[in-house]
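The values are calculated or read from the model by the stated rules, or taken from the named source; none is laboratory data. Predicted model only: the values in this text are computed from it and were never measured. Please note: Cβ atoms are built from the backbone with ideal geometry, for glycine as well, and neighbour counts cover all protein chains shown. For the accessible areas, the whole protein counts, side chains as well, though only heavy atoms, and no ligand, DNA or RNA atoms are used. Shrake-Rupley method; radii C 1.70, N 1.55, O 1.52, S 1.80 Å.
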Amino acid sequence: MKERKWDLAALASIPLIMTLGNSMLLPVLPLISRELQISSFQVSMLITVYGLMAIVLIPVAGYLSDRFGRKKVILPSLLTAAVGGMVCVAAAWFTEGSAAYGLIIAGRLLQGIGAAGAFPIVMPFVGDLFKDEKLVSASLGLIETANTFGKVLSPILGAYLGLLLWYAPFIAIPVLCIISFLLVWFLVGKPDSGQTPVKTGLREFMSVIAGILRAKGRWLYAIFGVGGISMFVTFGVLFFLSETLEEEYKLHGAAKGYVLAVPLAALCLASYLTGKIIGRSKIKMKWLGFGGMLLLTAAMLLAGFAAGIYWLIGLLSLGGIGIGTALPCMDALITEGIEQENRGTITALYSSMRFIGVALGPPLVSLLMSWGHWQVFGTMTGLAAAGGLLTLFAVHPSSASPE
């Protein structure tokens, strides 16, 4: 693993930067809403459209990465995300009101296209880098940690940037994407596992994927569901917390960013430790994944009754630990359970489900908030419980291994 540390560092920059590009907006959404004079629901669509484009295009990116190679898909995708950020900056700089909002939405669509071809390809790329499953699990834990560290850093960085200019987070996105592009271009070498592009045609390739889904669909669909639920809860809760801190507790700027970072820091630490613990044991992956979803369910249920901000932050941090425990287990099961030549497409489908959660979380929570506190956390509790049941009854470690 030491000889691949620079490859991993370069690849880890992708989820870190893609997460920053999305989550940095969370603490400044109320500010953007005031500047552009748009509703809470409209401003939540800045998160949603990013996810929607990714959902549609991730399976295509997965196929292309299997067909032509991982790096050939990742590099142009990072440039596309950078262009999307530039469109958002130009919209904020030269226009205002509804015109600015429309152009920013267009820029976010471009960013979503870029994200579709960058972030989801990282997991299969890491799976290709190593032959040893233990190294794959540990490396995926580091990738998930980079992803969650981006979530920890993003509210703090976004809040500080928002103090300078309301659209400053948009300015940071192209810069970060170019940095990641250069890191991947120069530092990521050829995989040890000898991954080569698949030369089959689209029809034959889709037939193979359909066969995999028929044979392994039960545990694959369960993992897809857990990934989607985890991201829905993560982004839904962050949106809820951002709005609550501003409206009820009058917390703004950097102070708000630090508070938002607390549950995310718990998620990040849990991801890192879980990646270290699970190793090659698929039994551990299943039961730690189930334990994480069970902890998330309990935290969301208790958060529904939480009256004060300290209790709420504590329980959301507990839920973050649950998500941080479950996700690396799901990542490892799906990456190590699929043959190398089809890994990109299957993990892309998994990433699509995660982006569905990202896309649906903020707008649905914005609607649920109008009905009350318990409606938000009652929904979260039900979804987390469903994720736990999927892990318990549908994920079978003996099945999650290549033929």
Residue list for the range 197-216, filter: at pLDDT 75 or above and either of a type in the set (A, V, I, L, M) or open to solvent by less than 100 Å² (accessible area, probe 1.4 Å) (or both) | 207, 210, 211, 212, 213, 215, 216
Residue, farthest from residue 295 (Cα to Cα), within the range 311-336, restricted to residues that are polar (S, T, N, Q) and touching a Ser or Thr at 6+ places or on another chain (Cβ under 7 Å) | 335
Of all residues in the range 226-264, which are touching an Asp or Glu at 6+ places or on another chain (Cβ under 8 Å) and surrounded by fewer than 20 Cβ atoms within 10 Å (Cβ to Cβ)?
-> 252
Of 335, 347, which residue is more than 21 Å from residue 51 (Cα to Cα) and not in a loop (DSSP other than H, G, I, E, B)?
-> 335
With 359, 306 as the choices, which residue is surrounded by 20 or more Cβ atoms within 10 Å (Cβ to Cβ) and under 21 Å from residue 260 (Cα atoms)?
-> 359
Could you check, for the range 265-284, whether at least one of its residues is more than 30 Å from residue 134 (Cα to Cα), modelled with pLDDT of 90 or more and open to solvent by 20 Å² or more (accessible area, probe 1.4 Å)?
-> no
